[in-house]
1. Suppose a student asked you for the relative contact order of the range B:20-76, using Cα pairs under 8 Å spaced at least 6 residues apart; what percent would you report?
2. May I ask you to list the lysines whose Cα is less than 22 Å away from that of A:K36, ignoring any residue fewer than eight positions away on the same chain?
3. What shape does the range B:6-46 have by the C-alpha gyration tensor, where a ≥ b ≥ c are the square roots of the eigenvalues, rounded means a/c under 1.5, and otherwise prolate means a/b greater than b/c and oblate the rest?
4. Once each part is reduced to its C-alpha centroid, what is the distance from the range A:117-174 to the range A:1-68 in angstrom?
5. Compactness ratio of the range A:275-409: Cα Rg over 2.2 N^0.38 Å, N = residue count?
6. If R0 is 25 Å, what FRET efficiency do you get for A:D175 and A:D114 from their C-beta distance, rounded to 0.05?
7. How big is the range A:35-161 on each of its three principal axes, counting only the C-alpha atoms and giving the largest first in Å?
8. Mind listing the lone cysteines of the protein assembly as shown, meaning no other Cys beta-carbon sits under 4.7 Å from theirs?
Amino acid sequence: MDISNKDRARELPVQQIDVFTDTRDILAHANRAAKKRGFEDWLICDVDAHHTETISWHELVQYIEDPVIRHQAMLFHDEKMGTASYGLNGDMGLKYQDVGGRIPHQAGIREKVDDGVHRDVTLSRRAMSALGVDYMVLFPTPMLTLGLHPQPEMEVYLGRAYNRWLIDKVLSKDDRLKTLAYLPFNVPKEAERTIEEFSGQPGVIGFCVPSVRHKAVHHNDYMRIYAMLEERNLPIAFHAAYHWQDQSLATINRFLGMHALGFVWCNMVHMTNWILNGIPERFPKLKSIWVESGLAWIPFLMQRLDDQYLMRPSEAPQLKKLPSEYMRENCWYTTQPMETVNMKALQLTLEMINAESQLLFASDWPHFDFDLPQEIYDLPFLSEQAKRNILGLNAAKLFNLDPTVRKTL
Amino acid sequence: MAEYLVCSEDEIADGGRKVVACGEREIGIFRVKGALHAWHNMCPHRQGPICQGRIYPQVIEPVDERQEVRTLQYNEENMHVACPWHGWEFNLETGRNAGPAKYRLHRAELAIREGQVYVVL
């Protein structure tokens with residue numbers, strides 16, 4: 001039997017995806033899906049994507065402001081062997097996100113990068129292009145537990161160094177890359193200084209509080225910070241994470257359970273304090289964004305707080321409406337990881353949070369539970385306008401971004 | 001119906017695979033316990049490249065007569081492929097998900113003639 005070339009199967013260049021596979025190959029199906037859905041004329045803002053800042057830690061520590069700490073950090077990286085990144089706390093050996101190697105892009109991105117710009121610029125560009133994203137908001141990864149550091153000043157040193165390094169090496173190289181700058185929240189005066197210094201810097205569109213920490217968001221020490229952000233019309237984001245030292249999660253033995261609860265619990269606690277202490281009443285124009293906790297927790301907390309509040313209004317005297325009303329009018333949420341197994345529950349969730357104006361697409365790329373823009377596009381119960389809002393227009397409005405589509409697919 | 005020539009039968013060793021494009025569609029052909037199985041390279045979760053994922057034996061957790069557990073173990077009788085996007089796992093012989101049976105891979109038809117492997121779409 002004669003077989004013409006058109007009838008020959010073509011072997012794919014990548015037979016098995018691993019940590020060395022190019023981002024564009026890993027996400028080839030995503031790119032096809034973006035083209036199929038016509039995303040070339042859809043503004044897509046990815047409000048939560050990540051890079052692994054510790055890969056560049058030897059470079060980043062050179063941006064530490066304090067000359068003594070900077071010198072220590074540089075010597076640490078030049079001379080010490082077999083150690084973690086200078087000054088970083090956290091569960092460095094307990095990071096099982098890649099499910100024992102099953103999800104290689106979570107374990108590491110070791111593809112060739114030789115574009116003459118910082119690797120994080122190149123890798124972000126590749127991901128944006130593959131996903132069909134116009135703007136990408138970058139967050140750090142291991143630094144998300146710095147709020148638990150035993151030395152509060154280390155959060156200041158490293159948080160400020162990170163902001164300066166990120167602007168210099170990454171954000172200033174591509175105006176489609178943005179960040180919510182790291183706020184050293186455990187030292188309020190330094191957080192205020194951070195807002196003064198970094199507002200208006202290239203790519204800075206707001207500020208981020210990594211959520212795992214034991215500081216109360218309603219403490220009077222933070223009121224000046226909220227006032228400063230409200231005056232500047234800059235949002236504050238609470239970016240979730242997990243940590244194994246949380247005593248309330250001490251019995252959990254599987255990463256699945258730790259991730260499922262840890263990434264939600266920290267933001268549930270902060271949101272409860274945020275609402276019951278009337279922060280939205282005191283700062284009605286301050287926009288808070290709740291990042292990377294998924295969405296399923298929000299209806300639960302709305303119902304729970306509404307019920308309890310109506311029985312005990314004297315304990316939340318600043319409130320003029322139901323907690324759920326503040327949560328749907330004063331708060332914004334990122335989509336990822338969007339829980340989709342029960343679509344009815346998801347539909348109700350989106351209605352309850354007024355997703356058409358309050359929901360922001362986020363991929364969380366390159367993490368193991370990343371989402372794609374197509375997941376919003378394919379939802380059967382949303383109007384096209386709602387999808388366009390969630391995928392990009394809500395973020396453009398919130399962050400004052402030019403809503404013109406920037407990508408080529 | 002179209003047929004696409006993939007390779008000679010002996011090019012896919014036991015435990016091996018060949019992932020190919022047949023026109024617009026991608027198919028992964030795997031040899032498990034001597035037999036070939038072909039699946040569309042499209043994870044039912046988020047349409048990820050399932051056939052390009054790592055292959056693992058099924059993970060089990062034996063429970064003893066006291067209902068206690070001690071170790072996790074591999075069951076080499078059931079080989080799984082894990083989607084490299086999000087880790088969804090499927091049995092390479094049956095296409096069934098490691099968890100709920102309602103999630104399945106989409107099987108592709110194979111034809112073997114004169115030692116050559118063809119995908120039939």
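1. 20
2. A:K36 reaches A:K387, A:K407.
3. Details: a/c = 3.21, a/b = 1.50, b/c = 2.14.
Taking the square roots of the gyration eigenvalues as a ≥ b ≥ c, the range B:6-46 is oblate.
4. Each part's Cα centre sits 17 Å from the other's.
5. 1.12
6. 0.65
7. On the principal axes, the range A:35-161 reaches 53, 34, 30 Å in Cα extent.
8. A:C45, A:C208, A:C266, A:C331, B:C7, B:C22, B:C51, each lacking another Cys Cβ under 4.7 Å.
Coordinate-derived values only; no laboratory data. Just so you know, these numbers come straight off a predicted model, no measurement behind them. All Cβ positions, even for glycine, are placed from backbone atoms using ideal geometry, and neighbour counts span all protein chains on display.
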